[in-house]
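Taking it in order: structure first as structure tokens, then the write-up.
Nothing in this text is a laboratory measurement; each read-out follows from the coordinates by a stated rule. Computed from a predicted structure; not experimentally measured. Here Cβ is always computed from backbone atoms with ideal geometry, including for glycine, and neighbour counts include all displayed protein chains.
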Amino acid sequence: MTLTFTMRHRALRAASVLCPQNILDVVVETEGYFEGETFTLAKCCFGSFLAMEIEQMGLPLPHSDIVQLSTMHYPSYARALWRSHGKSECKGFKGRLLFLLLELSLQDDTTITDSTLILSICKKIRPMKLPRTLLCACECLLRSKQIESILKVNEGEGLHM
């Protein structure tokens, strides 16, 4: 049996529900899972989630190592996925892919490095008539600490979603 990223992600989520966070941190540190790197379990959870989503959509993963997936520059990866798969149908996962791209673009809360990509994704989501994706995208944008910088790129017109 092959251990998929989906299985790993589910196991990690189950462990985070069943065990207190400080116990998980102690286990990770004593076992040396991250090999001395400055790394948090939260980053690992997002990397695991990313791998699961990419795997389920049938897209190629850039790394097979969860630590590398968890520490890569997400906005750059979002741009690469947008170039490769943003205009394709993506096997019926178009809304899911666009929302994942938005999450990747907004993952770094300190700065938004690619506001034009975020606006392009939002413009692509709106006419698709996928209410759940649209609602999740709006929530994701509102949670972002850098929403003002996204709106400034749109020259005060606002996001028309």
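Quick notes on this one:
- The set of residues in the range 113-141 that are more than 22 Å from Cys45 (Cβ to Cβ), aliphatic (A, V, I, L, M) and in contact (Cβ under 8 Å) with a residue 24 or more places away in the chain comprises Leu117, Ile118, Leu119, Ile121, Ile125, Met128, Leu130, Leu134.
- Note on the range 74-112: residues that are without any contact (Cβ under 8 Å) to a residue 40 or more places away in the chain and within 16 Å of the chain's Cα centre (by Cα) amount to 23.
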